[in-house]
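The values are calculated or read from the model by the stated rules, or taken from the named source; none is laboratory data. Because the structure is predicted, anything quoted here is derived from the model rather than measured. A quick note on method: Cβ atoms are made from the backbone with ideal geometry, for glycine too, and the neighbour counts reach across all protein chains shown.
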Amino acid sequence: MNEQSGINKKAWEYRAYEFWNRRDGSPHDKAQEILKDPKASLKKHQEYFDEIAGFKVANICGSNGRKAVPLSLLGADVIVFDISEENRKYALELADCANTVIDYIIGDVYDIDVNKYKNYFDVLYLEGGILHYFNDIDKLMVVLFSILKKDGRMILSDYHPLKRCITPDSKYLQNYFDQGLHNESIAYKQFFHEGEQQDFPDVSLRFYTISEIINAVVSSGFNLRRFDEHHGWNDENIPWEFTLLVIK
């Protein structure tokens with residue numbers, strides 16, 4: 001495990017299970033929500049999962065299982081690859097409460113056993129803002145390309161790079177092409193009392209431009225089929241997220 005991943009593992013294993021319970025409810029309550037309509041839990045990516053029964057799906061950095069569990073309920077054989085034991089605890093409890101099964105492998109995504117999983121998965125699903133946890137996007141894409149079957153597809157959704165250049169009060173920050181590593185606060189510490197927040201470890205992040213992301217995907221051998229940009233979470237008229245659909 002490299003230094004950046006070690007830093008992020010430490011951060012994501014500090015009270016993450018407690019955070020998921022605060023934000024999403026208990027695994028039992030979250031499971032009841034998902035069971036009402038598993039496909040709806042995939043939100044804007046529902047169209048990519050119309051027929052996945054029997055498919056092998058890798059949910060990369062799948063955190064608390066909120067996407068892996070509905071995919072399993074839809075009939076997919078799902079493996080989550082993530083760095084956090086706290087995330088794993090919530091995800092497995094969530095699957096159990098939903099009366100389904102997912103596999104959950106703890107470790108650095110760079111270190112996925114590409115011999116064991118070579119050409120193994122039908123679908124790779126990455127979402128929720130994860131690329132900034134990897135300081136070598138080219139190496140990441142080589143690993144992902146290796147574990148996907150020929151003609152398999154990858155759905156990659158992440159924060160739009162412009163998002164970090166615009167403050168909440170719509171001021172522009174000139175940091176789009178910044179390539180350095182940054183120690184920053186982990187996103188979920190805001191869910192805790194202010195007096196507790198100083199105890200949270202920082203995460204180590206490396207931000208990418210759109211061109212860096214697309215070039216890394218294409219250079220690894222993937223074929224780009226679709227690129228979509230999405231409005232802000234409150235329907236702001238600026239790109240807040242994006243989704244890439246690629247084929248091997």
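What tally of residues in segment 159-207 results from selecting those that are under 25 Å from residue 84 (Cα atoms) and of a type in the set (Phe, Trp, Tyr)?
Adding up the residues that qualify gives 6.
List pairs: first residue in segment 149-177 and on the phi > 0 side of the Ramachandran plot and of a type in the set (Gly, Ala, Ser), second residue surrounded by fewer than 10 Cβ atoms within 10 Å (Cβ to Cβ) and not in a loop (DSSP other than H, G, I, E, B) anywhere in the structure, Cβ distance under 9 angstrom, at least six positions apart or on different chains.
Short answer, once both residue conditions are applied: none.
Test residue 200 against the criterion of being among the hydrophobic types (A, V, I, L, M, F, W, C), surrounded by fewer than 18 Cβ atoms within 10 Å (Cβ to Cβ), under 29 Å from residue 13 (Cβ atoms) and at pLDDT 95 or above, and give yes or no. Spell out the reasoning first.
On the way: among the hydrophobic types (A, V, I, L, M, F, W, C): yes; surrounded by fewer than 18 Cβ atoms within 10 Å (Cβ to Cβ): yes; under 29 Å from residue 13 (Cβ atoms): yes; at pLDDT 95 or above: yes.
Considered against the rule, which asks whether it is among the hydrophobic types (A, V, I, L, M, F, W, C), surrounded by fewer than 18 Cβ atoms within 10 Å (Cβ to Cβ), under 29 Å from residue 13 (Cβ atoms) and at pLDDT 95 or above, residue 200 comes out as yes.
Yes or no: residue 128 surrounded by fewer than 19 Cβ atoms within 10 Å (Cβ to Cβ), out of contact with any Leu (no Cβ under 9 Å at 6 or more places or on another chain), over 24 Å from residue 32 (Cβ atoms) and of a type in the set (Gly, Ala, Ser)? Can you show your working first?
Numbers: surrounded by fewer than 19 Cβ atoms within 10 Å (Cβ to Cβ): yes; out of contact with any Leu (no Cβ under 9 Å at 6 or more places or on another chain): yes; over 24 Å from residue 32 (Cβ atoms): no; of a type in the set (Gly, Ala, Ser): yes.
So residue 128 does not fit the description; no.
Do any strands (runs of 3 or more DSSP E) lying entirely in segment 1-111 carry at least 1 residues that are buried (at least 22 other Cβ atoms within 10 Å of the Cβ) and either of a type outside the set (Gly, Ala, Ser) or at positive phi (or both), and which ones are they? Even if it seems obvious, please write down each step before you answer.
Numbers: elements: 56-60, 77-82, 103-106.
Where strands (runs of 3 or more DSSP E) fall fully within segment 1-111 and carry at least 1 residues being buried (at least 22 other Cβ atoms within 10 Å of the Cβ) and either of a type outside the set (Gly, Ala, Ser) or at positive phi (or both), they are 56-60, 77-82.
Pull up segment 136-158, narrow it to residues that are in contact with a strand residue (DSSP E or B) (Cβ under 7 Å, 6 or more places away or on another chain) and surrounded by fewer than 19 Cβ atoms within 10 Å (Cβ to Cβ), then point me to the one that is nearest to residue 8 (Cα to Cα). Even if it seems obvious, please write down each step before you answer.
Start the filter on segment 136-158 by keeping residues that are in contact with a strand residue (DSSP E or B) (Cβ under 7 Å, 6 or more places away or on another chain), which leaves 144, 147-149, 151-158.
Narrowing the set further to residues that are surrounded by fewer than 19 Cβ atoms within 10 Å (Cβ to Cβ) leaves 149, 151.
Numbers: 149: 29, 151: 33 Å.
Of everything passing the filter in segment 136-158, 149 is nearest to residue 8 (Cα to Cα).
Hey, residue 166 hits all of (1) modelled with pLDDT of 95 or more; (2) touching a Leu at 6+ places or on another chain (Cβ under 8 Å); (3) aliphatic (A, V, I, L, M) but one; which does it fall short on?
Evaluating residue 166 over (1) modelled with pLDDT of 95 or more; (2) touching a Leu at 6+ places or on another chain (Cβ under 8 Å); (3) aliphatic (A, V, I, L, M) leaves (1) as the failure.
Could you list all residues from segment 146-194 that are among the acidic types (Asp, Glu) and either touching a Phe, Trp or Tyr at 6+ places or on another chain (Cβ under 8 Å) or within 30 Å of residue 120 (Cα to Cα) (or both)? Give the derivation first.
In the first step, residues of segment 146-194 are kept if they are among the acidic types (Asp, Glu); the result is 151, 158, 169, 178, 184, 194.
Residues satisfying the conditions are 151, 158, 178.
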